[in-house]
Structures are given as structure tokens and as C-alpha cells.
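What follows is a short report on a single structure.
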Amino acid sequence: MTQHSARKQKLVVVGNGMAAGRVLDELFDQAPDRYEIIVFGAEPRVNYDRIMLSPVLSGEKQFDDIVIHDDAWYARNHIDLRRGETVVAIDRVAKIVRTQSGAEQSYDKLVIATGSRPILIPVPGAELPGVVTYRDLDDVDAMLTAAATGGQAVIIGGGLLGLEAAAGLAARGMKATVVHLMPTLMERQLDPNAAYLLRRAIEKRGIDIITEANTSAIIGDGKVEGVRLQDGRTLPADLVVMAVGIRPNMALARDAGLDVNRGIIVDDFLGTKDDSIFAVGECVEHRGQCYGLVAPLYEMARTLGARLAGKDTQGYAGSVMSTKLKVTGVDLFSAGDFSEGDESDEIVLRDPSRGVYKRVVLRGGKIIGAVLYGDTADGGWYFDLLKKQTDISKMHDTLIFGQSYQGGAALDPRAAIAALPDDAEICGCNGVCKSRITQTITAKGLMTLEDVRAQTKASASCGQCTSKVEALLAFTLGNDYAGGGRKPMCKCVDLTHEEVRGFIVAKELRSMPAVMQELAWKTSCGCPSCRPALNYYLLCAWPNDYRDDAQSRYINERAHANIQKDGTFSVVPRMWGGLTTPNELRAIADVADRFKIPTVKVTGGQRIDLLGVRKEDLPAVWAQLNAAGMVSGAAYAKGLRTVKTCVGTDWCRFGTQDSTGLGVKLERLLCGSWTPAKLKLGVSGCPRNCAEATVKDIGIICVESGYDIHIAGAAGLHVRATDLLGHVATEDEALEYVAAFMQLYREQAGYLERVWKWVEKVGLETVRAAIMDDHDGRRALFARFQISQRAVRKDPWAERAAGQQLHEFMPLAAMNLIAPIAEAAE
Amino acid sequence: MNETMEQTKVFWFDVGPLHAIPPRGARTVKTPRREIAIFRTGGDEIFALENRCPHKGGPLSDGIVHGRKVACPLHNWIINLEDGEATGADKGCARSFPVKLENGRIYLNMSVAAAP
């Protein structure tokens, strides 16, 4: 290139990162010789691919591999690169930039590409040596130095960068722990289902993850030694990486009087309010949006490059973002809006055996978002359909199978299964092929799914292929197939309640996303029918670990009161075994007076119902009842309701045992427990049965020689007398046997299934064998019951009267009429 | 400005922060004329309906929120949060109100919510 005689315009670029580099590339493509170019870079090196720092950290790449523009490129393009020189001021009137060293440089056009800086969380100890951020090569070098001596690293932030840092440090031999403020990892880029799979994959690498953890301090004497969390835990650390987000670098622009908000404000052509000054990359705010990913930066660079080249451009219209994580072996992709919507607006495909989760979110026949985990091959295709706003209605049924499947026929499961070759694998978990299943069905005369499972193991592990196995059964048996009476839990899944319960325990599934992924749910987050059931199953299986999800409960259990037809509630305090005292009655009367409770009624369960309480009054009503020693009667719960008693030996001339005392003891032992459906007990002191125990879920009839335990009565829509389970001699035995029976019911029945239905389903003999004959088994049931009771021993009313879940009871806002001025003046 | 224009003036009233409503939950805003239920979906979208089921007047804010729908706590009618229409075979509509989310706060259009 020769020197032009006319003076070329001077283009000064502040920043030597990826955005700046790409702007120049675009400019050179279209107008290679237009400017004299001076680039200021704060880092002492050439332009490199910052998003590839993670492979450098993990050792999969070297710095040289990630250089975008080497020295030769700068020389070839006659760029005057001032590396290690920071621009500190812009004089817009004189059109000069000033550097830290005091040097000045004039410009005709100026591009600000100052990027962003990592957010440092303002906690004590943040300045200690050993605390680093993750932004540039210097940070990587600092991490590598620390990793060289091994030890423990704590990474604050479970987003993209934090996880990449953790994986890199773990690959370098450090013990890494990720501390994340939110309940799920990468919550902005992933839905909870994909986040569950990601967490599992990260933990498999030996990286610990602590979610919902707020850092309160970094501790150490002269250098970092640990991280203290708000809950009091302290994590030992030789290295702390802060990766909680980025903030645009806009001080330079702000000080120069340009408009800034969260970033430097630019128009669609990356211009600022000064005609000579442009801004690009992570430092800008465009249409209210700041970006921290590379694709949007490159899209901006294309526009700005063209504009600097003097070409017409359409302008930059903002970016739809997509995300990938650069951790080897973790395949995830997300784009667009994948927040939870309606079932009808999404297509979900899960393959538990391969750890695959795919979800495409639709609106009005177009893709608006996608989350893929485990198989991201079609991410680009979905992203393209999304960006182009392609109408996908015609491919709706096959869309989720990916681009290569398009044009294929929609699946009819029966026909598809019939068409499969004999050696096609049906059950991936157990390696069972089609012919093995059909041959076993024919050879052994199998008639039900359970038979096929027992004989071939097909669909016995994760259950995902249940519908295929069933289709094979139907196909093989033809008209002889009775359907087996199987009823899937809901439209979200092919498995029955019992199967889901079984898998939750066998596969140790401890959260809703885990259940939905591993059991191949067909929706992303269930429905109002399966969520309450799953919430109960998880609570029952993992009483110490699982955290109750209030939003998966019906209003009565959420508000700990019974909703009435007018939206008010009824309140029923416990009266243990039907006993009360003058003090309790006085307190109830006072509450009824004070809160103007319209109806006070005696219930069929020997207690008092206060009807017509306003929701906002509930906590105060409870506080007052608590003060008199009363607690929630759980009249709203799928759990223990009442234990009805007669007066027994205390008063009755026919009484054989202390039935009232036993009733009180039973109620105290069993209360608070959640069960599949409501549970009512009765204890009668003699066979005259004044407590009507033989129509209760569990009834005790006292006799001279001890206690007859009855089960499975009903006196509702369906009336049924109890069956005798067995006889025990002592009160202690009666308590243990009843609790063990209740635990068996808790562990086995389907959600909303009353005791009598469940007993008829499994058979009285089975229940009797488990409780009356298998003494070790019964003791184990009793022990499990006691463990689960430990978790529910607090009175829910007292907790709420003390302020828990206040949002449930208080309006968000209340607007009062402003009094007319005339009145106010009186 | 004529009277019609005066009445259609938009008055966005700040009723509280998004985080005051649990995801898949609802809370009420009491106005002199009616009670309004503000719903927050699992995906942090916000909707506002009159807190009365078109069926028997059940408080929709007490229902289970799923997707962009709520199940009435009294008789399990499923109401669409976007327009208040009952879904499936049920017919009826709960009145919906303009509501918006800005910088983490919820704004209700009181000129509509307070009007007859």
C-alpha cells in the first residue's frame, strides 16, 4: 500500500477486544484503505478470543490457539496498536483522546469498545490475595498459578463463566466448589429441567454445588483461606473466583458527556449522540439491552464496520441470544424465551437413558425459544427457525425429532412399533429387543405389562419405554389384550401412580425436575394433577431432604384452613381425642367474638369449626388460639384429621379399656403427618362401638383382652365397614401397629386414594402379612414413620402466626377511597 | 381534552415488586370497586383478573397456577390468565385488567381497574 497524498481520516479505537477486532475486520472487507487506524488496548497483548479462555484454563488449548489477530495482522493492515495503554479521557471539542501516560491522540472518528468488567461482590475480604475474577488471560494465569499447588477453589457464581472456571480448575487438579445464589444453575439460560441435568453432570466431575447460598464474607489472614456463607457455613479455599456477572465499562463515555444508562446508549447504527463517536460491544446499551455474549457483539460489529466503510446498512435491530457451555462433555443449548408457558405451547422430548432433554417453546405457530441438553445437534436449526420466524405448524408433530427427521411421516405409535425390525431395541436400560418381548409374550402366555416386566425386564428400570412395551403387548395379543387396567398418572406421563412412586425410591429421585427427567415426563413442568401428587411422593420418600413446594398444593393445605363457598375459610383447632377444657372453649368464644366469626359449629369429628373467617384474619385467629394452647386440627389436610373416641373406662360402665386415653395418644403420635388422602380414626371402648370406629380409615375396638385393630372403613360417598386387621394385647402395641399401618399406606397408596380403596387394591392379606406377621418389617415401618414425623412436629399455625408465608394471607396492595375534600375539611 | 380522552388516560399504579408473589402463585389487590388477582407464572409473566371465577365467584387467586392458566379452588374450572376465559367445556369469563412489569415492579392500570 502506498501513502495517499490526501490526509486519510484518523479512526481511533479504544479497546482491543473481540468487538473492536471484528469491527476492523468488517471495515477492511469493505473499505480496506479508508482510515489511518490507531488502536488502544489496555491489555499488553494482541486481540484474542476471550470466550475460549476456558479451554486454556482446562489445558485443552494454549494461548496461541486462541489469538484472533496476531502481530502480522496489525502490521499488514497498518494498524498502530498501542498495547498496554489505557485511554482515560475524551475531549470531544478538540477531538482528542488522552491516555494514562498523558499522551494525546487526535481522531476524526472514534470507536469506544471498552467492553465490560467483572462484578466484584462487596463483601469483607474481597480484596484479599487469592481472590480473582474471570475475565482475561491475567486471571487465567492467576488461577493456573493457584492450581499448580492443588488445594481447594471456591467459585462464586453458577452461571456460564463460573461453571467453566470450576470445570477448568477441577481438570487442573483442584477441588472445586460452586456457590450459587439462585436455586438452579444458569437460571437465565436454562429451565429447571436442563439445570438438573447440568448439575448432575457437573457433580459427576467431583465438583460440589451449593445453591441458594449467599456469600457473606471472604476470610483469611494476609491471603484467602475460606468463604463464609450467610447460613454460617465456612468453606475452606485457597482460591476464590468471583464470576457473578459483568458490568459495562462506560466511565470514559460518561465523563465525556455521552448518554449512558446501564451501558453507553447507542442507536441502531451504533452511534452515540456525538456524530464522530461510536460504541460497540459489551459496553453499550441498545434498545434497553446490554449483551455479554459473542454473537450479538459480532452482529453489532457488522453494522458498525459497514457504516465506517461508508456503506448503507439496515442497522442493528438487537439480538436473540443463544447459549452454549464450553465444558467438555456437557452439551447444552438454549435460545430465546423458554420461560414456563402452557403445555399446549411446548413440545418436550426426554430420553432418560441418554440424559437427553429437548424442549421447544412455541407461540402462534412459531418457535420463540428452545432448551436442549444432551443432544444439541438441532440447536442451530431451531435457532434459525426462531430468528426467521418460520411458521412451523406443518412440522409440529415431528419438529422435536430434529431437522433430519423432517419430511418423515408423523408417528402412529402402534404402526411404528409393528414396523420395527425384530432386533430393534425397545428397552435401552436392560437391552431388551422387540423379538425377545414378543416371543416371551407368546411362549409364556403373558397377558399384562407387569408380567412382561417380570419376565423380560423390559420397561422395569426407568419406565420410559412403558408405552412401547404396552403397544407390543397389544400388537402381539390382538383382541385378547385387556389393557391391564393400567391408568397413567396423568397426561404428562405413561406411568401409573404406583410405578412413579416405586421409581422415586428405587432411583433415588429427590426433586421434581429429577422425577420428570428420569421418568420421561412429556411436559416441562407437569400439570395441576401430577404436581401435588409428586410433591407428596417426594415428601414421603425423603422427609429430611425434600423441601415442600407450597405452589404444588391445593389452597386448603397452602393456607392451613378450609376454603368455603364465599372464599372465606373455616378454622378447626385440635381437640385431642375430642377432649376440651373450659379455657379452650373460652378462647374459642373470644376468637369468635373478636373476629366476628359468623358460624360456630360442632363437627362430626368431635371438635369445633369456626366458619367464615376472612383470609387476612387467619394468622391473627391462629395466634390467639395458639395462646390458649391450641394447635391446627389439620381439618384441611390430606393427613390425620380426627381421632374420635368414646369415654371408655374413665366413665362408662361397659368400658373395657381407656379408649379416650388411647385416642389422645394416637392423635398426638400421628398428627402432622401427610398422607395420600385424608385419614380419620375412631377408638371405641367396647364392642358397642359408640365412636363408630368400624366406618373409619383406622378403627380400634377395645375388648377385655386388648385391642382389635380395624382398617378400611368408609362413611362418605361410599359406605363400607372395616376389616379386622388383627388383635394386640397392649396399648403400646396398638400405637406401634397403627403407626406402622399408616406408614405402609403413606408409602404405597396413590395420591388421593383413601385407605379402603388402597386396601381393596392390594388385598387385606398382603397388608395383614406386612403388619401382623412380619415383625421386623413392621418395626422398620414404625421407625420410618417416626423419622418422617420429626420433620413435621411444628404447628403450622404457630409458624404462620409468627410470619411465615405471610404473602399467602396478605393482599399485595390495598387502595382505599380517598375521602372527598368536603368531608376531609370537616 | 374531551371527556372520553380523559377517561381513557392510562394511570399505571405500582402495586409491588414481582418477588412479592411466589412463582406459580397469585396475590390480590383490593380496590374500592373490586378485588383483583395478580398472577405470576412459572416463567415470571404477570396477569391480572378480577378475583372471581365466572362459575360461582371463587377466589381465583387461591387456585393452582399452571402454565398461563389457573384452576379455580372451588370447582376446578380452568381459567385462561391471558383473557380470563374459561377453558374446555366451561363457558364464562373473568374480567381481565391491563398490568405490566417494569424493572421488577408490577404496575396495574388503575384507570381501568378503578372504573365501573
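The values are calculated or read from the model by the stated rules, or taken from the named source; none is laboratory data. Keep in mind that what you see is a predicted model, and the values were worked out from it rather than measured. Positions of Cβ are backbone-derived with ideal geometry, glycine not excepted, and every protein chain shown enters the neighbour counts. Note: accessible area is taken over every heavy atom of the protein model, side chains too, but ligands, DNA and RNA are not part of it. Shrake-Rupley method; radii C 1.70, N 1.55, O 1.52, S 1.80 Å.
Restricting attention to the stretch A:471-529, which residues are of a type in the set (Lys, Arg) and surrounded by fewer than 22 Cβ atoms within 10 Å (Cβ to Cβ)? Answer for the stretch A:471-529, where residues must be of a type in the set (Lys, Arg) and surrounded by fewer than 22 Cβ atoms within 10 Å (Cβ to Cβ): A:ARG486, A:LYS487, A:LYS491, A:LYS507, A:ARG510, A:LYS522.
Of the residues making up the stretch A:281-303, not a single one is touching a helix residue (DSSP H, G or I) at 6+ places or on another chain (Cβ under 6 Å), farther than 26 Å from A:GLN389 by Cβ and aliphatic (A, V, I, L, M). Of all residues in the stretch B:79-116, exactly one satisfies the criterion of being within 12 Å of chain A (Cβ to nearest Cβ) and of a type in the set (Phe, Trp, Tyr), namely B:TYR107.
Condition test on A:ALA635, is it of a type in the set (Gly, Ala, Ser), assigned to a loop (DSSP other than H, G, I, E, B), surrounded by 20 or more Cβ atoms within 10 Å (Cβ to Cβ) and over 34 Å from the mean Cα position of the chain (by Cα)? When the stated conditions are applied, A:ALA635 does not pass them.
Considered as a group, the residues in the stretch B:27-58 that are part of a strand (DSSP E or B) and at the interface with chain A (Cβ under 7 Å from one of its Cβ atoms) include one that is nearest to the chain's Cα centre (by Cα), and that residue is B:ILE38. So A:ALA561 clears everything in (1) buried (at least 23 other Cβ atoms within 10 Å of the Cβ); (2) of a type outside the set (Val, Ile, Thr); (3) free of Cβ contacts under 8 Å to residues at least 60 places away in the same chain; (4) within 11 Å of chain B (Cβ to nearest Cβ) except one condition, right? Which one? Against the list (1) buried (at least 23 other Cβ atoms within 10 Å of the Cβ); (2) of a type outside the set (Val, Ile, Thr); (3) free of Cβ contacts under 8 Å to residues at least 60 places away in the same chain; (4) within 11 Å of chain B (Cβ to nearest Cβ), A:ALA561 comes up short only on (3). Scanning the stretch A:452-461 for residues that are in contact with a Leu (Cβ under 9 Å, 6 or more places away or on another chain) and either open to solvent by 10 Å² or more (accessible area, probe 1.4 Å) or not in a loop (DSSP other than H, G, I, E, B) (or both) yields A:VAL452, A:ALA454, A:GLN455, A:THR456.
The residues in the stretch A:662-677 that are under 15 Å from A:TYR707 (Cα atoms) and open to solvent by 20 Å² or more (accessible area, probe 1.4 Å) can be counted, and the count is 1. Scanning the stretch A:505-541 for residues that are within 25 Å of A:GLN805 (Cβ to Cβ), within 14 Å of chain B (Cβ to nearest Cβ) and assigned to a loop (DSSP other than H, G, I, E, B) turns up A:CYS525, A:GLY526, A:CYS527, A:PRO528, A:SER529. Scanning the stretch A:319-341 for residues that are under 17 Å from the mean Cα position of the chain (by Cα), open to solvent by less than 40 Å² (accessible area, probe 1.4 Å) and within 14 Å of chain B (Cβ to nearest Cβ) yields A:SER334, A:PHE338, A:SER339, A:GLU340, A:GLY341.
Of all residues in the stretch A:92-102, none satisfies being open to solvent by less than 70 Å² (accessible area, probe 1.4 Å), more than 44 Å from the chain's Cα centre (by Cα) and closer than 27 Å to A:VAL244 by Cα. Do the conditions hold for A:GLY263, that is, is it among the small types (Gly, Ala, Ser), open to solvent by less than 10 Å² (accessible area, probe 1.4 Å) and more than 19 Å from A:ILE37 (Cα to Cα)? Judged against the criteria, A:GLY263 is a match. Among residues of the stretch B:64-81 being touching a helix residue (DSSP H, G or I) at 6+ places or on another chain (Cβ under 7 Å), under 22 Å from A:ASN562 (Cα atoms) and part of a loop (DSSP other than H, G, I, E, B), the one that is least open to solvent (accessible area, probe 1.4 Å) is B:CYS72. Note on the stretch A:127-150: residues that are among the small types (Gly, Ala, Ser) and either in contact with a helix residue (DSSP H, G or I) (Cβ under 6 Å, 6 or more places away or on another chain) or buried (at least 16 other Cβ atoms within 10 Å of the Cβ) (or both) amount to 4.
In the stretch B:14-26, how many are in a strand (DSSP E or B) and within 7 Å of chain A (Cβ to nearest Cβ)? Counting residues in the stretch B:14-26 that are in a strand (DSSP E or B) and within 7 Å of chain A (Cβ to nearest Cβ) gives 3. Of the residues making up the stretch A:542-557, just one is open to solvent by 30 Å² or more (accessible area, probe 1.4 Å) and assigned to a helix (DSSP H, G or I), namely A:ASN556.
Annotation: of all residues in the stretch B:87-99 being charged (D, E, K, R) and surrounded by 13 or more Cβ atoms within 10 Å (Cβ to Cβ), the one that is farthest from the chain's Cα centre (by Cα) is B:ASP90.
Looking at the stretch A:752-819, the helices (runs of 4 or more DSSP H) lying wholly inside it that each contain 2 or more residues that are open to solvent by 60 Å² or more (accessible area, probe 1.4 Å) and not β-branched (Val, Ile, Thr) sit at A:755-762, A:764-768, A:775-790.
Within this structure, A:GLY315 passes the test of being closer than 30 Å to A:ALA31 by Cα, more than 14 Å from chain B (Cβ to nearest Cβ), assigned to a loop (DSSP other than H, G, I, E, B) and open to solvent by less than 60 Å² (accessible area, probe 1.4 Å).
For the stretch A:574-592, the criterion of being without any contact (Cβ under 8 Å) to a residue 12 or more places away in the chain and crowded, with 19+ Cβ neighbours inside 10 Å is met by no residue. From the list A:GLU285, A:GLU299, A:GLU212, the lone residue that is open to solvent by 30 Å² or more (accessible area, probe 1.4 Å), among the acidic types (Asp, Glu) and not in a loop (DSSP other than H, G, I, E, B) is A:GLU299.
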